[in-house]
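Down below is the structure, laid out as structure tokens.
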């Protein structure tokens, strides 16, 4: 019995075959594609539960493929784990902000990859259509990954949504920049603490027209909190 459908998009046949064998041993159903064009066809015909995606693909780079997929399918797009030899910090940030749920540098441990797949699938499957949170004037649909104010959907980048969701679901508690990086970006992702400041600033600008800017409060010398108390 298969436990999830995974699409592997990788132009290196040796890596593709290795991943197919590793995933098959764990009872995953596996589809294989060597480029973005073929992957797009397979997604239309048989939508996967998760995509393992190489960055350096012929025709269209993986990062552009993710952006297009998220733009076209929005909340219905399957989660993506990027697999790539590009391990610079700026590449990791770009990959995650493009909409990927995780980013793994090559060469990688198959056991680690399998563990991360389980985490992403568990997180995806744990959300259901009734997962609705209303707080501070915001309505968060955790299943659809959508935030609305007075029926109007906010246009949020993937990491902006992740940060807002985490803070809204942990309201009234102060988190340092380091803690937010660990909780939202993940302990395995290495980005500067200033990244948190940038995303907080973006979220405040998005919330400003609705009079909700002050939901994201600064605790001087400590970090940030989501609070409905002025």
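No lab work stands behind these numbers, since they all come straight from the coordinates. This one's a predicted model, so the numbers in the text were calculated from it and none came from an experiment. Note that we place each Cβ from the backbone using ideal geometry, even for glycine, and neighbour counts take in every protein chain shown.
Quick notes on this one:
- Within the range 5-126, the proportion of Cα pairs with more than 18 Å between them is 46 percent.
- Paramagnetic label zone (point 7 Å from Cα along Cα-to-C-beta, residue 197; backbone N under 12 Å) in the range 207-224: 221
- The range 5-126, relative contact order in percent, only Cα pairs under 8 angstrom and at least six apart counted: 22
- Degrees, to the nearest 10: 110-126 long Cα axis against longest axis of the chain: 50
- Taking the range 1-62 and dividing mean pair separation by its residue count, relative contact order in percent (alpha carbons under 8 Å, at least six apart): 43
- Cα convex hull volume per residue for the range 132-226 (Å³): 92
- The GNM of the chain, with springs linking C-alpha atoms under 10 angstrom apart, assigns the highest mean-square fluctuation among 78, 209, 158 to 209.
- Based on alpha-carbon atoms, the Kirkwood radius and the radius of gyration of the chain give Rg/Rh equal to 0.99.
- Angle between the chain longest axis and helix 194-207 axis [Cα atoms, degrees, rounded to 10]: 70
- Compared with the dominant principal axis of the Cα atoms in the chain, helix 158-168 is inclined by about 50°.
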